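Structure record follows, encoded as structure tokens.
Throughout, read-outs are computed from the coordinates displayed, never taken from laboratory work. This structure is a prediction, so every number in the text was calculated from the model and none was measured. Please note: Cβ atoms are built from the backbone with ideal geometry, for glycine as well, and neighbour counts cover all protein chains shown.
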Amino acid sequence: MQSHSLQGLRAFIYDRNSRLLRPGTSTSTEDQRLENRRFCESAGAVVVGEFSDPGRSASRYAKQSREDYLAMVKGIESGACDVLVIWEASRAYRSTRAYLDLRDLCEKKGVLICYNGRVYNMRDRQDRFTTGFDALRAEDEAEQIRERVLRTTRLNAERGRPHGRIPYGYRREYDQETGALLQQVICEAEAAVIREAADRVLAGQSLWRIARDFDARGIPAPGGDGYEWTMLSVRGILMRPSNAGKRQHQGVVVGTATWDAILDEEVYYTITGILGDPARRTQRDSTVKHLLSGIPFCGPCMDEGTERFLKPANNGPARSYTCVKCFRVAVRTALLEEYVQHTVLAYVERPEFAAALRRQRADGAMASALAELQALEAQLEDARRLAATYDRGRFLLSPTSLAALEQQLLPRIEAARARAQEPTVHPAVRRLAAAGVSAGAVWGEMDLIEKRAALRGLVRIRINRTQQGARGIRPGRVGFDWLY
């Protein structure tokens, strides 16, 4: 390092912090800026630009760009400064690639770099070596931090401790002196929203109706001010494993959490089974205006081995449902909708239908899957507890044994969880069955999305060709393949 005078030189100040932490837990960007200003004042440099990237990482794993850093680089490229002042090397870069780019730019423009009270000239061989070594050390520190974070995250996951963003329905309590996380507890106001949404889904209501109602009642949506409830946001808060007191890591449920559950497991897995059913089309249905659009199959196309649905088409004086591929089938919209609704309601009002659904509900498949799931999860948690217990100079279960046991148990746990989440009878269908002879009244209360969901969960409808000029629906024209 050579001696350099900064008297009268134009200085850029740059400060950065990886995370926005509680006051007193880390050197803040404000503190960095104050120290850098003091240095410039004592060295005689004139501050002509200040740049700050609070809460931004400088490592190669950064997910967000540093806007002020990029603006600072442009300023150096334009020749707007003579010296760059930073608190320490790691504030500007935590990767050798970023260091090399900045070093080459400063060498080209003759800009000095100053940190830790020392001034470096990138045109000097010894200064390049020293700053290069500091850059390698800064990168290594970033790698160590990442390894510690990943290790802590994994251990927290295995122990069921909270990590990352606070899930909707919960809040966190911290030690007022140290800022350390104490526990995650239920936020009753938000939990009540989750429970209500769950009850309404189980009652057969659509996500669209729930979202619209929450907005009308002024219930704050996830995300804070400016956000509105949507079908996706309602679905999102219901699908989270945290609701059932489960800890998730990298998209996989890894065990029981340390916080209380908002929903019991049977309700949670029933909800996720309903919402995760690939046959659901509620997102598309929110824009559909006709009851049977995309639901009835074209009979002639099916006979040829192709599944095609009828859709509304304005192909004459009256709108009709038409196969827009083969055009061999067309039925007036009002006529077909009235016929289908009358037939479906007559079917669900029969006592035999409700009895069939009761038998299906009592088959015990979910209860069996949940019992197996709970037993397997308990076995895995016991093993992890033994692997973390050190007694008489050794762990009670070796890492190798734990890894082997995890390899055996985790696939079985996922299989049991998948069985617990298998789609069940759609709540809209159960709602009609429970109404019995009053199913018509319940049908009238349903919105369009719920009616379409009930039809998809109850029957497959096939429309066949008929004699040309037929005004009504003749026998055999509409086929109903009942699912229950």
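What the table shows:
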item: Percent of beta bridges antiparallel (DSSP, the chain, rounded to nearest 5); result: 60
item: For the chain, Cys with no neighbouring Cys Cβ under 4.7 Å; result: Cys40, Cys81, Cys106, Cys114, Cys187, Cys326
item: Extension gain (nm, one decimal) between Glu304 and Asp264, 0.36 nm per residue minus Cα-Cα; result: 9.7 nm
item: For Cα extents along the principal axes in Å, calculated from these coordinates, the label among (1) 79, 53, 50; (2) 58, 55, 44; (3) 101, 70, 45; result: (3)
item: Stretch gain in nm, segment Gln7-Arg474, where the contour uses 0.36 nm per residue and the Cα spacing is subtracted; result: 158.2 nm
item: Pairwise FRET efficiency - Ala71 versus Leu182, Cβ, R0 = 41 Å, nearest 0.05; result: 0.55
item: Segments 92-99, 135-142 sorted - mean Cβ within 10 Å per residue, highest first; result: 92-99, 135-142
item: Arg148 paired with Arg165, simple spin-label distance in nm, labels 7 Å along Cα-to-beta-carbon; result: 2.6
item: Nearest-ten-degree value, helix 29-43 long axis tilted from longest Cα axis of the chain; result: 20
item: Selected from Ala11, Leu275, Gln126, residue furthest toward positive end of dipole (the chain; charges at beta carbon); result: Leu275
item: Backbone N within the range 81-112 under 20 Å of label point (7 Å from Asp140 Cα along the Cβ vector); result: 88-100
item: Charge-dipole axis of the chain as Lys and Arg at +1 and Asp and Glu at -1 on Cβ define it, positive-most pick from Ala371, Tyr99, Leu182; result: Ala371
item: Helix 399-420 axis, angle to the chain major axis (alpha carbon atoms, nearest 10°); result: 30
item: The chain: angle of helix 207-216 to the longest principal axis, Cα-based, in degrees nearest 10; result: 60
item: Dipole moment magnitude, nearest 20 debye, the chain about Cα centre, only Lys, Arg, Asp, Glu C-beta charged; result: 1740
item: Residues Gln407 and Arg350, FRET efficiency given R0 of 60 Å [Cβ-Cβ distance, rounded to 0.05]; result: 0.75
